[in-house]
1. Is it the case that Ile116 is open to solvent by 40 Å² or more (accessible area, probe 1.4 Å) and touching a Lys or Arg at 6+ places or on another chain (Cβ under 9 Å)?
2. Looking at the structure I just gave you, is Pro500 part of a loop (DSSP other than H, G, I, E, B) and at negative phi?
3. For the stretch 33-42, check the following and say yes or no: at least one residue is within 18 Å of Asp111 (Cβ to Cβ) and surrounded by 18 or more Cβ atoms within 10 Å (Cβ to Cβ).
4. Considering every residue within the stretch 163-183, establish whether at least one is on the phi > 0 side of the Ramachandran plot and either surrounded by 16 or more Cβ atoms within 10 Å (Cβ to Cβ) or outside any helix (DSSP H, G or I) (or both).
5. Of everything in the stretch 112-152, what is assigned to a strand (DSSP E or B), out of contact with any helix residue (DSSP H, G or I) (no Cβ under 6 Å at 6 or more places or on another chain) and not charged (D, E, K, R)? Give them in sequence order.
6. Any residue that is modelled with pLDDT of 80 or more and assigned to a loop (DSSP other than H, G, I, E, B) - is there at least one of those in the stretch 256-264?
7. Which of the residues belonging to the stretch 67-93 are assigned to a helix (DSSP H, G or I) and either aromatic (Phe, Trp, Tyr) or in contact with an Asp or Glu (Cβ under 7 Å, 6 or more places away or on another chain) (or both)?
8. In the stretch 90-100, is there at least one residue being open to solvent by 30 Å² or more (accessible area, probe 1.4 Å) and either among the aromatic types (Phe, Trp, Tyr) or closer than 30 Å to Val582 by Cα (or both)?
Amino acid sequence: MLNRYPLWKNLMVMFAFIIGLLYALPNIYGEDPAIQITGARGASVDLNLLDTVTEDLKRNNIPSQSIALENGSILVRFKDTDTQISARDILSQALDKQYIVALNLAPATPDWLSDIGATPMKLGLDLRGGVHFLMEVDMAAAMEKLLAQQEDTFRTELREAGIRYRTLSKTDSTVTVYLRNEEQLDSAKIALKKLHPDMNFTTSNTGGRYALTASYSDDRLREIQNYAVDQNIAILRNRVNELGVAEPLVQRQGASRIVVELPGVQDTARAKEILGATATLEFREVNNEVDPTAAAAGRVPRDSEIKNTRDGRIAVLKKHVILAGAHITDASSSADEYGRPQVNISLDGEGGSKMTAFSKENIGKLMATVFTEYKDSGKRDADDRVILEKHEEVINQATIQSALGRNFRITGIDSAAEAHNLALLLRAGALIAPISIIEERTIGPSMGQENIDMGIQACIWGMIAVMIFTAIYYRGFGLIANLALMMNLVLIIGIMSMIPGATMTLPGIAGIVLTVGMAIDANVLIFERIREEMREGRSPQQAINMGYSNAFSTIADANITTLITAIILFAVGTGAIKGFAVTLSIGILTSMFTAIVGTRAVVNLIYGGKKHLAKLSI
């Protein structure tokens, strides 16, 4: 019989709509203004702090919806942003500086929806508010680090080649080897040039000082700079993931700058602490042969240097780095058998081989763990850029008791919170070069809400205009098309809420508005085809069947070409363009489903099976 769907197809349409509605519902409840209190390095958040926060809020007559200790931080919910900001100001003054009091937004989704995994759509920076950072990679520090590694590499290669040299030194862009005579100079040049074809080598003889100077070619310098920026971007993305920020934006800008946008983050303190931190570890051999008195006076061998320990003492370490943080693949914090904090380290294959080889040959000797980070000096250079200072300290000196492999642990850490932060940074990766924040901007939730309101109004007025025209022009069938249009909007919101990586932005709302027009366009094609079939003398039942059948190819062609365009936009675009492409792609698929399958199901339920159907309300 014409125009009758089997039961399974009707149930499929109903099931799709119910699932879409369930997962779209959390967006009605929105989010509560909240304050999140976390511990900075060395501070822990516990029930005692929870009681302190509760008492401070009561004392100042600030009402809260709920206060809870969740995942190592305290989350306090409020009814409005004014109360939230007042509470933030009071708690920031009342609590010690070791605690970070950050503005946040917490989903207000009911438990019964949360239990099935239904959550609100993730909103972009332009809708939710958040922070925007413009960071600059310190290329000078990157070159200094690279040249220090190159100097150490030259030292090892010359020793292995049996070439004696006086000393090595480095400048901002070169490494110079000083040799004893011309014969050694020629031998060193041949040996090093063979191992480093991408470097330029020049020789000189000044007053009997034979020097071989190595420098990088221009192409190699550009490659080094690009690598430093690209690797820092990858590491920053890992760190943002550790922060748990939904759909952040991390992308390159120019030769040495990186843009980071974190939606929903209203307080920059925690974000700056994690993103800007340049913490890394180095493992070095301790030189115990140096007399402590001589070391205190600064007299150490050329292959060693003095480093400060955490307890205020000094340690003499070999300059040669056994292993750097780049070989660390995983890190986690825990407690040892005595309850003291420790960090468990896992190395990659190359790092594990180096550690095993060194530890086998040096059983009974001391190995030091050097913690390095760059901090803001509070000064700026001539170009108004932040000057970073390098801070190094020995956090651990341990005797190698047996051969170490790819997994080992380090101790000597002050607190469990610091161990957790160090593990986080090492797990996310050490920055290839230090970065400084040269611009930061906070977009408030009120501005984001204004964008949301404007976008919703655009959708509402656009839908109202389309629905009025459709209802007047196509009568009963127009009402069916309007029902499908609302179903289409529910499905878009439901799917956007279900996809973990999808984020709604202001251009995304524009994509939805465009989809509204495209969705009704498919119904126009079907309804006009039905009218045409009836004018040619077909019965109403035949006209409905042929109208849907014959219009399908035209609808599919139009929507598939638009979908291909949306996919290309998503593939090559960034930021706002991606947001537009995502909603447009989802909208095209849902509009085809609602226009072709959804409206047909409703039409079949109303008109299907009627033997004596004289006319249609179209």
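1. Judged against the criteria, Ile116 is not a match.
2. yes
3. Step one: filter the stretch 33-42 for residues within 18 Å of Asp111 (Cβ to Cβ), giving 34.
So of that shortlist, the ones also surrounded by 18 or more Cβ atoms within 10 Å (Cβ to Cβ) come out as 34.
Looking for residues that are within 18 Å of Asp111 (Cβ to Cβ) and surrounded by 18 or more Cβ atoms within 10 Å (Cβ to Cβ), one finds at least one in the stretch 33-42, hence yes.
4. Within the stretch 163-183, not a single residue is on the phi > 0 side of the Ramachandran plot and either surrounded by 16 or more Cβ atoms within 10 Å (Cβ to Cβ) or outside any helix (DSSP H, G or I) (or both).
5. Leu123, Gly130, His132, Phe133, Leu134, Met135
6. The first filter runs over the stretch 256-264 and keeps only residues modelled with pLDDT of 80 or more, leaving 256-262.
Subsequent filtering for residues that are assigned to a loop (DSSP other than H, G, I, E, B) retains 256.
Among the residues of the stretch 256-264, at least one is modelled with pLDDT of 80 or more and assigned to a loop (DSSP other than H, G, I, E, B), which makes the answer yes.
7. Residues satisfying the conditions are Ile90, Leu91.
8. yes
The values are calculated or read from the model by the stated rules, or taken from the named source; none is laboratory data. Being a predicted model, the structure only gives us computed values, none of them experimental. Please note: Cβ atoms are built from the backbone with ideal geometry, for glycine as well, and neighbour counts cover all protein chains shown. Please note that ligands, DNA and RNA were not included when accessible areas were found on the heavy atoms of the full protein model with its side chains. Shrake-Rupley method; radii C 1.70, N 1.55, O 1.52, S 1.80 Å.
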